[in-house]
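Notes follow the structure.
The values are calculated or read from the model by the stated rules, or taken from the named source; none is laboratory data. Being a predicted model, the structure only gives us computed values, none of them experimental. Positions of Cβ are backbone-derived with ideal geometry, glycine not excepted, and every protein chain shown enters the neighbour counts.
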Amino acid sequence: MSKVVVMDHPLIQHKLTMLRDINTGSKDFRDLVKEISMLMAYEMTRELPLEDAEIETPLCTMTSKTLAGKKLGIIPILRAGLGMVDGVLQLIPAAKVGHIGLYRDPETLQPVEYYCKLPSDVPERELFVLDPMLATGGSANAAIQFIKDRGGVNIRLVSLIAAPEGVDAVHKAHPDVDIYVAAMDEKLNDHAYIVPGLGDAGDRLFGTK
Ligand code: PRP
Ligand code: URA
């Protein structure tokens, strides 16, 4: 069974509090999503494999660690996942970026696909799916399935805020996928919004309603 890692570093918690605040406007919201994503990237790459490299310091030669040749890929779920891309790329600039366009139908709550463009060598990459909100898990599950259908195997999901229902749904559908979150919230409300949550992440990022 995969694991859920809650990244409760004080900096992340502090920034998340500002992010949740209804009085935080779009510009600050975007900056905070980027900063939190960068901090999360530090933690979510903790288990990447290393290999030895021979280098020369100004004083002597030594064997030191370097990231093993494994290629990385990040895949934001449009739209809100876009807000996380720059922060993650700041720490792993060589990662390729794929995109999956999904929105949650407000009536059925089912994810609807409208775009998918992934790196051609997706099977060889360690992949990080980015979406700030893991609510029912429908969007994340659909995105992970698209990636698997195109050969992706090493997949992790990274969300800022998750509801227990979403985590359970992803565990059930994709038991091989580890989940990284900044906070596990209490529940979903009747409209499948995360409570206490932060509202609609896409609308707050892009100033739409
Ligand atoms: C939001 C969010 C997730 C999804 C989560 O996207 O960014 O993708 O809802 O809900 P779920 O876990 O119940 O599927 P939304 O559908 O609002 O689209 P947007 O990113 O374009 O705003
Ligand atoms: N999507 C959001 O943007 N927020 C939620 O709380 C649930 C789904």
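A count restricted to region 177-209 and to residues that are more than 10 Å from ligand 2 (Cβ to nearest atom) and touching a helix residue (DSSP H, G or I) at 6+ places or on another chain (Cβ under 9 Å) stands at 14. On the phi > 0 side of the Ramachandran plot and within 16 Å of ligand 2 (Cβ to nearest atom): which single residue out of 157, 109 fits that description? Every option except 109 fails the conditions.
Would you confirm whether or not region 193-203 contains a residue that is more than 12 Å from ligand 1 (Cβ to nearest atom), modelled with pLDDT of 95 or more and out of contact with any strand residue (DSSP E or B) (no Cβ under 7 Å at 6 or more places or on another chain)? Yes: one or more hits. Checked against the criterion of being away from ligand 1 (no atom under 14 Å from the Cβ), at pLDDT 95 or above and buried (at least 23 other Cβ atoms within 10 Å of the Cβ), the candidates 129, 88 yield just one match: 88. Considering region 172-192, and only residues there that are of a type outside the set (Asp, Glu), in a loop (DSSP other than H, G, I, E, B) and surrounded by fewer than 18 Cβ atoms within 10 Å (Cβ to Cβ), the residue that is farthest from ligand 1 (Cβ to nearest atom) turns out to be 175. Only residues that are assigned to a loop (DSSP other than H, G, I, E, B) and farther than 22 Å from residue 152 by Cα were counted in region 19-76, giving 9.
So is residue 114 surrounded by fewer than 17 Cβ atoms within 10 Å (Cβ to Cβ), among the hydroxyl-bearing types (Ser, Thr, Tyr), under 22 Å from residue 19 (Cβ atoms) and at pLDDT below 95 or not? No: the conditions fail for residue 114.
Any residue in region 27-50 that is among the charged types (D, E, K, R), modelled with pLDDT under 95 and surrounded by 15 or more Cβ atoms within 10 Å (Cβ to Cβ)? Within region 27-50, one or more residues are among the charged types (D, E, K, R), modelled with pLDDT under 95 and surrounded by 15 or more Cβ atoms within 10 Å (Cβ to Cβ). For region 25-48, give me each residue that is within 18 Å of residue 129 (Cβ to Cβ) and among the charged types (D, E, K, R). Scanning region 25-48 gives 34, 43, 46, 47.
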